[in-house]
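Participant: Please find one structure pasted underneath; my questions will follow.
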Amino acid sequence: MSEREDILNELKDIAPELAKFKEEQSGTGFEVPPRYFKDLQQVLMQEVKAEMDKQTVAKGAAWWESLLQGLQALLQPKPALALATIALLVAAGIWFSQSNTRLPQAGPAMALNEDEVEAYVMANIEDFETDVLIEMYAETFREETEEPVTEDSLEDILQEMDDEDFEELWESESFN
């Protein structure tokens, strides 16, 4: 017996239906249905047309569907938490940057008037340097005094000055 016959006998013992099928199918084992190649082109064109129609219908509604899908993706827990954290950090940064840049500016309500300045100077006259007071007095009352002003004579001059003299001293160009 040849090897081929041994294989066929073994196939009959193990799977008799398969051996019977093998005997019935002689030749290549493949048959094409009738008119298959003649109708193939028409069948393929119909399938392509149907697929293109589906795509054009889907494209018309795709802009809002893709927008909804994007929003749904953002509203998932992890992306939504990330977006909320970023928004909170941006808002806090803007709030802190704006609150630190605005410094209070001295407006008319915070400015001192001449009477308050004069009262302060009179109350704290000992804190001012003598040289500065001598120079200011000499420039303001230069034509009135004939003798030079010294530190010793400054105290006498200050004692002799009345409110009008101090007011005149404050309004002079040397003090402004």
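The values are calculated or read from the model by the stated rules, or taken from the named source; none is laboratory data. Predicted model, so just to flag it, every value in this text is computed and none were measured. Methodologically, a virtual Cβ is constructed for each residue, glycine included, from the backbone with ideal geometry; neighbour enumeration extends over all protein chains shown.
Participant: Within region 97-107, does at least one residue satisfy the condition of being farther than 30 Å from residue 172 by Cα and at pLDDT 85 or above?
Facilitator: Within region 97-107 (the criterion being farther than 30 Å from residue 172 by Cα and at pLDDT 85 or above), the answer is yes, since at least one residue qualifies.
Participant: For the list (1) at pLDDT 85 or above; (2) surrounded by fewer than 10 Cβ atoms within 10 Å (Cβ to Cβ), I need the number of the one condition that residue 56 fails.
Facilitator: For residue 56, the exception is condition (1).
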